Structure formats: structure tokens, C-alpha cells
Amino acid sequence: MTNNKILSGFSRLTKDEKIEMVAGRFGNTGEIIRELKSYLHYDPEKQRLFDEFSENTISNFYFPFAIAPNFLINDKMYMVPMVIEESSVVAAASNGAKYWATKGGFKARVISTTKVGQVHFIWQGEVEKLQALFPMLKDDLISKTKHITANMETRGGGILDIELVDMTDEMENYFQLKASFDTRNAMGANFINSCLEEFAVILKDHFAKIEYYTGQEKTCCVIMSIMSNYTPECLVKTEVECSVDCLKHAEDVTDPDSFVRKFEKAVRIAQIDPYRATTHNKGIFNGIDAVALATGNDFRAIEACGHAYAARDGRYRGLTDVDISNDKFKYSLTIPLSLGTVGGLTSLHPLAKFSMQLLGNPSAVELMMIAASVGLANNFGAIKSLVTRGIQVGHMKMHLLNILNSIKVNEKEKDFAVAHFANQKVSYHSVNKFVTDLRKEHIEKVG
Ligand code: MEV
């Protein structure tokens, strides 16, 4: 299998040629070709669409498209689509949604929707000169990008502000144009990056054409123009609330007072200890990423932003907050979520489009509230399990089917195994042994 030869022209091969070339690295080439092709869509038109989402596509990689029903958010009920391979995540979200729906549901609000982009440049000159002319430059930046911003402005968005940031304390001659944008229902990466690249041209022109600058001040070196995925001002807060006593109805909670005390400590630990905070936040992103994927949003951008936000005061912390006072349990999540409901994959991917329809074609603001609520539901479920019965019982039960599928059981064996493990500890070893014994027993019976 090890082959260090550099391949040239792979992208120019046809799909069949690519499949053959990849499969040719295995002894069982024919089998691999059949396997890869078995996951291609039978309708060539539809397959072409999937092919073009990426490059060098040789097959499709299936993930389950699942539904978490009963999400009551701001008095509106949603069935939430989730794309995720971790078996217990949809179950945890669904359980959390159902539980909180009986307690008034999630109350969510979007605090702000501002996105950010930067032109990073090196300029050797008198800062005061640049600062003095910046108002004129800013007017130019805004007026000379009208051809890009006009459409967005008719939708109520556009450039909100542009600042000149002096970064020379951090790096010699380093400045930024830091622009803020409102991109309405679009995630906005293309819009922002187009504006920024135009800003870079206008900026260079500014130094070159204005006589006030002399010598080396007449040129600047634009290092890069790019949106920032850190959007701390594209922020949503969602919360749930009930009386402490009400929690006795939650699964696995026997004594609500001791439960909330442990729950509070668990949340505080995530705010103190980065090791725990990372796992705590991972549990939040289990839900958020699954919604992001199902709706065709960029989960990498969302995660990167969330983790940067979690470290905003210099220490990486858990993103949720708990308040237990006056016999009330309040649990909230405040998180930056730059989501889009138009453009990109949201309308191109047939299932992302379906997700949007299922959610009632939400605005980006509404989708922020939905995704955050799912994140909170997942995290609530995780902390509840952790401080009560632990997560492995539930996880391994859900994992049982994955193990059974991996050892290729038939339907009858699956039924036997599910019945057997209803009251038994699940591990790969125990399931494998159970199936092996079952098969032995069967062979002995039938001779
Ligand atoms: C597993 O995917 C997520 C959890 O580890 C989250 C947590 O520990 O809070 C259960």
C-alpha cells in the first residue's frame, strides 16, 4: 500500500479512471470498485450535483439524516433535522427537547448579528498622517464598493463600519482595515471577501494617488484580505428554566436538590478547567454541528468561532451558565453562531433545502436560536447523565447496533442481541462473544 510516488493529473482523470486508480492500490480491486460505486446515486443528474460539491469525488460518504422532534423554542414547535454519526446525540437532543417542552421550552434571543472582515497590510509611514486621512479613505471604501454592496443594502444589510487598527505594537508597520458587516440571511463569506478584496485595491490606490504621502508612504503591502470566522458579535442566547422540584420528573433524577447541586458544580468545573471545558463544549457542538450540517452550514467555521469565544478572557471555559436561586433552575448557553439560510449549500444540497423547509424556512436569526437550543439540549442531557448514572450505559446501548453491524449480524441475531443486552453491560468484547456463542449454539442445534 505504501507508495510515495507523486501523482500528477489525477484531477483530470474521469471519475471511473479515478476509481480504478484508487482501487488498483488494493489486491481486491474489483471488490473495491463495486463497493465505491454502490454508494453513488442511481440518478446521474443527482450524482453530478454531489460530485460538484467537492473535487476528485469517487463516491458518496453517507451520514444519517435524523430528526429530533419536540423542540419548543419561543413558543414555536420545531422538528429539527440533525446529521451526525454519534448514535446517542439525536436521542439526547430529542429527550431534552421533550422534557423542556413540558416546562415552557427554550427561550432564545439573538443579541447581535455583526460579522467581521480584515485587510491586513504593512505600511511604513507616519501613523498620524494615515489617521488624519482615514475618514476620506473610509468614504472611498464605502462608495467605491457600492457595485458589490447595493444588493445586500436593498435587503437591509451591507457594510456597517470600517476601522483603521494600528497593530504596530504587535508587528512593525502592521495595520488593519477592520470592517463589520450585516449579511442578513446569508452566512456572507463571499460577500465579505469580495468587499475586502476591493478594499485592498482602493487602499493601494489611496497611498499611490494622494500627494500628501511621500516616499515609501506611497506604497503599502497588502498581506491578505479575508473575513474573520471569529464573530463574537454574532451572538445568540438560549435558556431553559423550571422549579428545582420539577426536575424530579427528569429521567435518572431521584433527588432534585442533590441533582442541581451536582449539576451546578459540573458547570462550574467546566468554567474553571480547560480539560473539562473542551469536552463540555464538544457536547454542545454535538448538537450545533449536527444542525449546521443538516442545513448546509459551515460547521468548521462555527466550531472555530465557538472555541475562540470560549477562550475570550484568556482561559478556555465552558459556554453554558447555570443559576440556581429562589428554587429556580435556569440553564443558558450564549454562543456566537454565524449561520446562513440562503446561498451556498443551503439551497443546493437537496437535503439541506429540505431541512430548511422542515424548519419553516427560517431566517438566519431564527436558525441561530434553533441551533443554540439544540446545543443546550445536548449539553443538558450530557451533564444530567454525567452527574447521575454516567454516560456509558446509554452510550453503549446506542452503540450496540453499531457493534452488531460491524460484526455483520443478521436480523435474527440482532433481535436476540438487543433483547439480551437490555439488562447487560455492552462492550465490543461482550457483544462479539454473545454473537459467537449464539452462532455456535445454532450450528450445534442444526448439526
Ligand atoms: C460525547 O460526545 C459528549 C460528552 O462527552 C459531553 C460531555 O462530557 O459533556 C458526553
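The values are calculated or read from the model by the stated rules, or taken from the named source; none is laboratory data. These numbers come from a predicted model, not from an experiment. With ideal geometry, Cβ positions are generated from the backbone for all residues, glycine too; neighbour counts draw on all protein chains shown.
A few points about this structure:
- Qualifying residues in region 229-242 (those that are touching a helix residue (DSSP H, G or I) at 6+ places or on another chain (Cβ under 9 Å) and either of a type in the set (S, T, Y) or over 21 Å from N379 (Cβ atoms) (or both)) - the one surrounded by the most Cβ atoms within 10 Å (Cβ to Cβ): T238
- Boolean, L345 is closer than 30 Å to A270 by Cα, of a type in the set (A, V, I, L, M, F, W, C) and more than 16 Å from the ligand (Cβ to nearest atom): no
- Unique residue being crowded, with 18+ Cβ neighbours inside 10 Å and either closer than 20 Å to N95 by Cβ or away from the ligand (no atom under 16 Å from the Cβ) (or both) when the list is V446, V418, V393, V435: V435
- Residues in region 258-288 that are farther than 30 Å from S338 by Cβ and either among the basic types (K, R) or surrounded by 14 or more Cβ atoms within 10 Å (Cβ to Cβ) (or both): 6 in all.
- Those residues of region 357-385 which are within 29 Å of T279 (Cβ to Cβ), more than 12 Å from the ligand (Cβ to nearest atom) and among the β-branched types (V, I, T), in sequence order: I370, V374
Conditions tested, residue by residue: (1) of a type in the set (A, V, I, L, M); (2) assigned by TED's automatic domain parsing to the domain that holds S363.
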{"site": "K37", "(1), (2)": "no, no"}
{"site": "E86", "(1), (2)": "no, yes"}
{"site": "A93", "(1), (2)": "yes, yes"}
{"site": "A101", "(1), (2)": "yes, yes"}
{"site": "F106", "(1), (2)": "no, yes"}
{"site": "F134", "(1), (2)": "no, no"}
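- For region 101-130, a tally of residues being within 23 Å of the chain's Cα centre (by Cα) and either of a type outside the set (G, A, S) or modelled with pLDDT under 95 (or both) returns 10.
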